[in-house]
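As structure tokens, the structure follows; a few thoughts come after it.
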Amino acid sequence: MNIHEYQAKALFEKFGVPVPKGAPAKTPEEFINALTELPDGPTMVKSQIHAGGRGKGTFADGFKGGVKFCKTKHEAKEMAGKMLGNTLITLQTGPAGRKVQTVYFTVASDIKKEYYLAILLDRTTSRPVIVASTEGGVEIEKVAHDSPEKITKVFIDPAYGLADYQVRELIFKLGLTGNEAKNAGKLIRNLYQCFWETDASMVEVNPLITTPTGEVLALDAKVAFDDNALFRHPEIVALRDLNEEDPKEIEASKHSLSYIALDGNIACLVNGAGLAMSTMDIIKHFGGTPANFLDVGGGATKEQVVAAFKIILGDKNVQGILVNIFGGIMDCNVIAQGIVEAVKEVGLKLPLVVRLEGNNVVAGKATLAASGLQVVSADSMADAAQKIVKLVA
């Protein structure tokens with residue numbers, strides 16, 4: 001789960017991570033109250049969407065830049081009016097863009113130098129890792145490609161936590177001394193505490209800045225949380241912005257289905273994440289394009305299968321459906337019954353290819369055969385993929 005920058009900075013403040021003073025606004029009427037909370041002088045206006053590259057983005061009406069520097073609060077108010085309700089298009093949003101429904105006003109900081117700092121889970125070592133660089137304010141991927149020697153990684157023992165010598169190593173690698181080093185050390189410790197205690201999957205500050213007075217501030221903030229741990233954090237769940245999520249993905253979460261919308265035209269309904277990935281791969285191999293990732297899990301019910309079909313059909317780009325089930329814990333006949341019920345309920349007119357294998361597969365195939373529905377049976381993944389690709393061609 002992702003949250004907005006203004007929400008991330010409020011979270012940072014709770015953990016003692018210093019950020020520039022700021023205030024969000026969701027309507028033009030709220031602009032005045034938000035700006036009243038800030039001192040007079042240079043002000044930043046930031047579009048709040050769940051995507052990076054906002055500063056280099058372009059709005060649907062041609063207005064450029066979702067992050068703007070304004071010399072006065074009056075100018076900031078006018079700039080916010082151009083952003084709110086407009087659609088911002090960045091490299092991460094794709095051509096559809098995202099509608100800006102919140103703007104964030106912050107004090108414009110005097111920057112001495114910019115750095116990069118992030119904490120995330122390294123899956124190779126199964127440990128948190130702090131990634132830092134003296135090259136802040138640009139995409140870390142570009143730094144990794146052009147100047148990998150400028151990236152420092154510190155792996156943390158989850159049982160012990162962040163050690164003092166590791167903090168000193170990071171400060172040394174960033175070239176900080178004096179008050180800057182002292183303030184950076186405190187920020188790094190508090191940021192790690194925020195990462196750990198909130199079950200975050202990633203905390204990113206780009207840029208982290210120093211000021212001429214020796215302050216160290218999180219000028220930007222991006223935080224993502226582990227969905228599997230959200231049951232422990234109702235206060236974080238309350239920050240979820242459904243306007244930033246695909247309605248189909250929201251509906252899937254209500255039925256405990258793992259669904260991610262893609263750009264293709266062949267919908268997939270599969271049990272197991274690995275099998276789902278393989279199914280998408282083999283569709284691509286035979287010249288098709290998957291429309292989604294959809295994992296119904298190892299013990300799906302008929303009701304979940306029906307819900308899955310409805311979600312799939314909510315995508316207007318879908319021209320065919322491939323069901324690929326390997327029954328272990330899953331009973332193939334339960335899936336077959338769900339398919340029959342779903343097809344009848346939604347009045348499916350699209351091509352449907354079903355491949356069943358494993359637990360109770362004979363009964364499952366018999367259920368489909370007796371249904372009288374136009375279901376194309378497949379004997380293998382390759383057979384299923386070739387048939388659905390041919391049917392939607």
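If the only charges are +1 at each Lys and Arg Cβ and -1 at each Asp and Glu Cβ, what is the size of the charge dipole of the stretch 21-107 around the Cα centre, to the nearest 20 debye?
On the way: 13 positive and 7 negative charges, 65 e Å.
Around 320 debye, computed over the stretch 21-107.
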Legend entry - Farthest toward positive dipole pole in the stretch 21-107 [+1 Lys/Arg, -1 Asp/Glu at C-beta], among THR72, PRO24, ALA51: ALA51
Legend entry - Count, lysine Cα pairs under 28 Å in the stretch 199-333, 8 or more residues apart or across chains: 13
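Net charge near VAL353, counting Lys/Arg +1 and Asp/Glu -1 over other residues with Cβ under 10 Å of its Cβ?
+2
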Legend entry - Cα gyration tensor, the stretch 353-393 - rounded (a/c under 1.5), prolate or oblate: oblate
Legend entry - Sequence-separation-based contact order of the chain, relative, with Cα cut under 8 Å and 6+ spacing, percent: 12
Inset, instruction - Could you tell me which of the pairs LYS77/LYS99; LYS26/LYS68; LYS73/LYS150; LYS26/LYS182; LYS26/LYS71; LYS64/LYS182 are separated by over 28 angstrom between their Cα atoms in the structure shown? - result: LYS73/LYS150; LYS26/LYS182; LYS64/LYS182
Legend entry - Dipole-positive endmost among THR125, GLN166, SER201 within the stretch 113-237 (Cβ charges, Cα centre): GLN166
Inset, instruction - Using label points projected 7 Å from each Cα along Cα→Cβ, tell me how many nm separate ASP199 and SER256, to one decimal. - result: 1.6
Legend entry - Computed [θ] at 222 nm, helices only, for the chain once each DSSP H run of length n ≥ 4 contributes -39500 (n - 2.57): -11000 deg cm²/dmol
Legend entry - Extension gain from THR87 to THR58, taking 0.36 nm per residue of separation minus the Cα-Cα distance: 9.6 nm
Inset, instruction - Compute the distance in nm between two label points, each set 7 Å from the Cα along the Cα-to-Cβ direction, one at ILE329 and one at ALA10. - result: 3.7
Legend entry - Alpha-carbon centroids, the stretch 339-357 and the stretch 140-194: separation in whole Å: 53
Legend entry - Total formal charge among the other residues, if their Cβ is under 14 angstrom from that of GLY327, Lys/Arg +1 and Asp/Glu -1: 0
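Here, each number is a calculation from the coordinates, and none is a lab measurement. The model shown is predicted, which means the values in this text are computed figures rather than measured ones. Positions of Cβ are backbone-derived with ideal geometry, glycine not excepted, and every protein chain shown enters the neighbour counts.
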